[in-house]
Amino acid sequence: MQLPRTLVSTLIGVLAVSAQQITPDIHWFGLTNGRPELRFQLAPSVQEYRIRHSESPGGALSNASGILSGGVWTGTNAASGPSGFYQVEASPLPSETVLAGALLNRIAYGPTPDELDRIRQIGTSAYIAEQLAPEGIAEELDQPADTGPIWRKVTVTGNGSSSRLYMYLDGPGDAYLDDFRLVAGSVDNGTAANLLPNGGFESPLGTSNWRLTANSANSARTADYVRSGQAAFHLEMIAAGSTGTDSVYLDIVPSLSAAQTYTLSFWYLTSSEDSRLVVRLSGSGVSVTTPLSGGIESPAPFFRNLSSPVMGSGGIGTLRSWHLLHAIQSRRQLAEVVRQFLENHFVTQYSKTSEYLDNIGLPSELAPGEAAKLEFRENLAWRRAFLNPRCTFLDLLRISAESPAMIIYLDTVGSRGDINTATRTNRIANENYARELCELFAFGVDNGYDQGDIVQISRAWTGWTVDYLDTNQVSNPFAVRSTRYINASLTNATERNSLTNLVGQWSFRYRTERHDPRVKWIFYEKGSNGTILTNAPKTVPARFGAPWAGRNYGLRLAYGSGTNNIQDGYAVLAHMADQPFTQEYLSVKLCRLLVHDEFHHGYDFSDDVHTPEEDLVHACMMAWESPRNGGPKGQVREVLRVILESDLFRSSLTASSKVRTPLEFGVATLRAFRSRREDGTFTSVADPANLSDGLMNRAGRMRLFDRAEPDGYPEDGSGWISAGTLAERLRFAQSLSLAGANLVTTPAARSASDSVGSSRIDPAGLVMLKLGSSATSAEAVADYLMGLLYPTEGAGNLATIRKVAIDFLNTSDNGSTASAFSTLLPGSRNYDGRVRGLAALLLSTPRFQEQ
Amino acid sequence: MNMNSPQILSRRSFLGTTTGMAATAALGCLTNVPLFVQKALADGTIGRPGPDGRVKKLLFIFLRGANDGLNNVIPHGDDAYGPLIRDNIQIPVDPAQTWNVRGRALFPTAGATGGTYDYPFSIPLGNGFAGLHPSLKFLAPIYNAGELAMIHRVGYPRQSRSHFDSQNYWETGAPRDPMVKDGILYRAMYESGRTQVNSLTGVSFQSSLPLMLRGSRAAMTNITDPTRYDLLGVPNNVDGNLKMANALAAANSAGFVPKQNRDMLQQQYANMSKTLDIFAGLNFSEAGNTFVDDENTDGRRPYHLFPTTNDKNGGGPGGTGNPNYVVPTSAYGFFNQLKSAALILNKTDAIVAGTQIDGWDTHSNQGGVTGSHANLLRRVGWSLYALRKYFKNHGDQCRWDDLVVVTLSEFGRTTIENSDNGTDHAEASVMYVAGGGVKGFQTNALGAVTRSGIFNCGPSDPVAWQTGMNGTMFQSTGRYLQRATDFRSVMGSLVRDHLGATQEQLNRIIPGYSVAGERLQSGGTQSADGVRITGELPLV
């Protein structure tokens, strides 16, 4: 029976700006095995789709029952008559929910469970206001914690794989431990019998069965630090342990049963030791590995190290760890995003600096540390600048221009324009910095300048060099090399004056004798043979419209003399910082960072054709040109505010339309599972060095502070995504989910996973923490994790993944046998493994690559 | 909701949405693409086996940062090349060599005691005018075999001096046209229709997919480290990844809201899922890198073709300065990638593959006979030599006669050195084209040179090299080399005459290729900006 059926629909609703219904477009309709089938366009951020049906046009609509999967609906009942009228209704997510997700993904490094809760509480407007004023957010991440060592409890459940218990460190070091308990069952209510004799070390070790080995021979009972009672155990390892012969062990009597579940708990004192503590039964039925730091990674030691005045201390790894821990932990998330943006915009290359310092005589073992410090100081300067409410782009340009890392990176350091006595002509200045200043840092490529301007500007920078200045002269570019000695009594002048015997810091030094003092005609029109038309300064093209079009922006730098010539460079910066070209180029870059990839340069602002993208860029430029607060031009926060308040930023089509860079992917993954437990520890622990050298290096060679090309790392998705880099991202997610898992058995194939260092996530602990008694519901766990990992997508658009996720939780490890998730005891090994598997799965989808 | 506007689905909206649906199909199901959006497979012969059962292929090496062409193929016949313009970075001529005799290129070998690159002079190329940087000495045997073309002064009209714009133009094949956002080799693969059929078509081995291979209608493949190209599965008490694999495939089959980047993500996921097994079947390991030169060029022991360890670099143990090393130790990563590209062309149905060499932006301390630029050139010289030997002696699905190797670089550098003993951004530079079918140097039965294989670096070339301080080296506002050949003419003739595109396909692969005013085919003085150019060269 052929059924001519007519479709009823209205145009697709694009913007889910409120909780109102929208009606997605039906684009295919027919019969499949006699049952009606609809295909419709999914709409962004939809909570729920409903299929509405009527037998006659204009008739009352009622819900039609059927199966819905990713934009395809198949009716439960066979078509009942010659025609039917259908409509798809969709309930969008509340706009506040979409905006919260968008904010945490764009002005932060991804949602954390706690931040998601907090933004729901305070509202998105308050969050924006707070993040735009980071100076008001208390933060002491770089201050060492003053709490000192504290006792932390560890609990772990497993089976009685053996009756021998080991404890050891994975390297030399020591630790304080107390109050060991082992009880039958998966919960220790504190009253069950302790199967470990002398677990509180109140009696001499010899009276119980605690045994020392060669590696642990110096271990002993102690009263120095005690959790309860009169004594604790001081574990001291001269080398790493791994098994019974090199650990401290205890034989439990009577024997444990492999078929029985046990729960082990103990307390340890946190310390700054690098080593990790391992406590486990032989066979690892019950096993736990914990860093002695207590699971609280802090950037403070890295900060201290990088701030040290000692020549060559720190290093690029230290700097990367400091940077990544701030990205993960800082409450000033927007400030961190902005700092990374600036670091990447004003790109410099650590390894080139290091090589340069090495070449000019710094011992090669010290050069890398000094190079890392220059990157570090740049970053401190970005941070300090953005904490100023009226920070301008000119402030940032100056920081970059004066940064020794930049002077070295783009070769200004050796550039000269003085007379070469042999040829009697001015030396040819190096064009590298002048070009990138125009092309990449301020105006944008081919935007208001030409090759002749590059040549002229390059002369302005001659004389800008780098030297090791006395620490009290670092802001004086006319100072000469430090003559303050660490050891002034050295009689050999070479030794006394060697860089390693000087008190100082690598700094910007201006050498007037290298400067090309000639008149510079910058941004003037050229004749046909390239000659500068000094009576024809360039004017801003018509496409910029009011108030910019037609403005004359030629810059003539007069013949200078002596130290006054340093002003050439500053005059160029001040002149370029607020030109419409700079306004346009930076506005487009910020929109690409915060909104989506498809913003372009060269819009015609003067014609009647506008796109929302063009309008937003224009609004940014207006905020730059005439800020609402009446302050100076070019205030960064004013431009950011325009973007964050725009409809485009808040559109549900914009949400999750950008691809995470390797940095954003790694940090967002660790943040997604990072919730604070009551004892102050977190359900996610980052190993920043591993993140940097592992994931970020492999998934596209994102080496922070060491980009070779001056365009910085890309912001667009296709710059990062390929089959090879996706495989690396999935391997990371899978390894991270596996690390720390307490599997019943570990098949050989699994042990081949990548190292994620000491990074750990505890997805099961997280859902238990957040869901309480609902943590046994597969639906609740799947919905919670999807809401966390895909906060703007909407359950209606995640129906397929949701079904896969729930099935996953309700299936045993072989992938086929049903195994109800609700029967798994929260905290048990099977529960832990099942939730970890789901985390790995959800982190591996295309949706988690997005932000 | 509006009940009063019943909407009959039009064909247009069906097309508009059905392609989106196709992209939502299960991983790897590209055959689900409706017939009317498939490319016809009938046009041209790109990717189709010839009578010998083999496919013509192309390997690219992009020299990113702008290679100083003047210190590659050096115009010694021009007396302006010398200390006046390049006091610190010039490559001197060997007073013991005769320059005006036409014939083969010199191949200076070190012998059993000298260092590989001991020869400190420009290598006479036998055309009476040009010399070769001594670090490119391994090009000489390829040149003498008649399998190498060296094309000087390659560029495009109104050359951008931005690395990034200029690289983009080379990669899109559409200079100064920001509307073209996909890559020249992507379009060649898409036009061939093989993206519907082959598991692999275009492959790169580097940190990200280059623009040359990017496009929206089909996914090309980029692998950073083939030895790590597999997935791990999830925490699991059971061997095998069945549970994870099934769940991932099911999750990734979900339809999705169309947003920016999502089609690209879906395509790359699909590409990953269908290529994992292919890579798993090939040996990319260090232990598998056993290919050794069949000649002992420097009298000690033959080099490995892909030097990836000190031992395979010919010199045995020793520091970075070991004079026996054929490539710098910092080049091992690159040679690993080059080996992967060679392997994938030789062992799979991939049609184009390649990688890149970074670091050519020599603004300061460029060096001359030795130094940073020389170290980069050693990579190039040995790459082409090694690829020739690999495909000649180990060719399987691809032999040397089936292959063309091409180097690209976004622009050249200033003729005059700057105050940092370096060179700044300029215009035209050098391209190398090598392969068994390349029409290079040739002599007749009497030994007289009938073809030189050197283009645009001689006084009697069609666009002749003008000597002197107002000559070719100072053409474009004073200190830049102007183009004499458009890179699109080179790429175009390779895509058509080697890979097998029809002229109609080529006109789409390189937009505007046949536009008369561009003169890309015929050459002439009426090119886009009035500069006299050669048009296509007889390369293959």
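The values are calculated or read from the model by the stated rules, or taken from the named source; none is laboratory data. What you see is a predicted model; the values in this text were computed from it and never measured. Positions of Cβ are backbone-derived with ideal geometry, glycine not excepted, and every protein chain shown enters the neighbour counts.
Worth a mention:
- Here segment B:416-474 is the region considered, the condition is being of a type in the set (Gly, Ala, Ser) and crowded, with 24+ Cβ neighbours inside 10 Å, and the residue that is farthest from B:Gly367 (Cα to Cα) is B:Gly435.
- B:Ala287 meets all of the listed conditions (1) hydrophobic (A, V, I, L, M, F, W, C); (2) surrounded by fewer than 16 Cβ atoms within 10 Å (Cβ to Cβ); (3) more than 27 Å from the chain's Cα centre (by Cα) but one, namely (3).
- Any hit, segment A:465-487, residues being within 23 Å of B:Asn421 (Cβ to Cβ) and touching a His at 6+ places or on another chain (Cβ under 9 Å): no
- Looking only at segment A:818-849, and only at residues there that are facing chain B (nearest Cβ under 7 Å) and not small (Gly, Ala, Ser), the one that is nearest to B:Leu232 (Cα to Cα): A:Leu841
- Taken together, the residues in segment A:269-286 that are over 31 Å from the mean Cα position of the chain (by Cα) and part of a strand (DSSP E or B) amount to 3.
- Taken residue by residue, segment B:45-62 has at least one member that is at pLDDT 95 or above and closer than 22 Å to B:Pro134 by Cβ.
- Within segment A:594-609, if we keep just the residues that are in contact with a Gly (Cβ under 7 Å, 6 or more places away or on another chain) and more than 14 Å from chain B (Cβ to nearest Cβ), the residue that is surrounded by the fewest Cβ atoms within 10 Å (Cβ to Cβ) turns out to be A:Ser606.
- Residue within segment B:283-298 that is aliphatic (A, V, I, L, M), within 30 Å of B:Arg187 (Cα to Cα) and either within 12 Å of another protein chain (Cβ to nearest Cβ) or not in a loop (DSSP other than H, G, I, E, B) (or both) present: no
- Matching residues, segment A:641-659, being under 30 Å from A:Ala727 (Cβ atoms) and crowded, with 23+ Cβ neighbours inside 10 Å: A:Thr654, A:Ala655, A:Ser656, A:Ser657, A:Lys658, A:Val659
- Selected residue (criterion: surrounded by the fewest Cβ atoms within 10 Å (Cβ to Cβ)) from residues of segment A:690-731 that are among the hydrophobic types (A, V, I, L, M, F, W, C) and more than 7 Å from chain B (Cβ to nearest Cβ): A:Leu704
- Test: residue in segment A:633-640 that is under 17 Å from A:Thr582 (Cα atoms), touching a His at 6+ places or on another chain (Cβ under 7 Å), modelled with pLDDT of 95 or more and buried (at least 19 other Cβ atoms within 10 Å of the Cβ): no
- Close pairs from segment A:187-198: first in a loop (DSSP other than H, G, I, E, B), partner loosely packed, with under 10 Cβ neighbours inside 10 Å and modelled with pLDDT of 85 or more, Cβ under 9 Å, at least 6 apart: A:Leu195/A:Pro254
- Selected residue (only one of A:Thr483, A:Thr539 is within 29 Å of A:Ser587 (Cα to Cα) and away from chain B (no Cβ under 14 Å)): A:Thr539
- Filter result for B:Val257 (out of contact with any Gly (no Cβ under 8 Å at 6 or more places or on another chain) and at the interface with chain A (Cβ under 9 Å from one of its Cβ atoms)): yes
- Taking the criterion of being within 14 Å of chain A (Cβ to nearest Cβ) and among the basic types (Lys, Arg), the residues of segment B:172-197 that qualify are B:Arg176, B:Lys181.
- Among the residues of segment B:121-134, not a single one is in a helix (DSSP H, G or I), more than 23 Å from B:Leu494 (Cβ to Cβ) and in contact with a Gly (Cβ under 9 Å, 6 or more places away or on another chain).
- Leading residue by the ranking (surrounded by the most Cβ atoms within 10 Å (Cβ to Cβ)) among those in segment B:330-386 that are charged (D, E, K, R) and more than 14 Å from every other protein chain (Cβ to nearest Cβ): B:Lys339
- Condition met for A:Leu616 (outside any helix (DSSP H, G or I) and free of Cβ contacts under 8 Å to residues at least 60 places away in the same chain): no
- Residue match in segment B:476-498 (condition: among the polar types (S, T, N, Q), over 16 Å from B:Val406 (Cα atoms) and at pLDDT 95 or above): no
- Counted residues, segment B:507-525 - those being in a helix (DSSP H, G or I) and under 18 Å from the mean Cα position of the chain (by Cα): 1
- Count of residues meeting criterion [modelled with pLDDT of 50 or more and either more than 11 Å from chain B (Cβ to nearest Cβ) or in contact with a strand residue (DSSP E or B) (Cβ under 7 Å, 6 or more places away or on another chain) (or both)] in segment A:1-51: 29
- Residue under evaluation A:Met576, criteria (1) out of contact with any strand residue (DSSP E or B) (no Cβ under 9 Å at 6 or more places or on another chain); (2) within 30 Å of A:Arg106 (Cα to Cα), criterion not met: (1)
- Spans of strands (runs of 3 or more DSSP E) in segment A:474-556 with at least 3 residues modelled with pLDDT of 95 or more and closer than 25 Å to A:Ser415 by Cα: A:505-510, A:520-522
- Single match in A:Glu96, A:Glu55, A:Glu89 (criterion: within 30 Å of A:Ser125 (Cα to Cα) and out of contact with any helix residue (DSSP H, G or I) (no Cβ under 9 Å at 6 or more places or on another chain)): A:Glu89
- Boolean, A:Asn198 is touching a helix residue (DSSP H, G or I) at 6+ places or on another chain (Cβ under 7 Å) and assigned by TED's automatic domain parsing to the domain that holds A:Asp170: yes
- Within segment B:526-538, the presence of a residue that is in a helix (DSSP H, G or I) and either buried (at least 21 other Cβ atoms within 10 Å of the Cβ) or hydroxyl-bearing (Ser, Thr, Tyr) (or both) is excluded.
- Candidates are the residues of segment B:198-224 that are at the interface with chain A (Cβ under 7 Å from one of its Cβ atoms) and either touching a strand residue (DSSP E or B) at 6+ places or on another chain (Cβ under 7 Å) or not hydroxyl-bearing (Ser, Thr, Tyr) (or both); the one that is surrounded by the most Cβ atoms within 10 Å (Cβ to Cβ) is B:Leu209.
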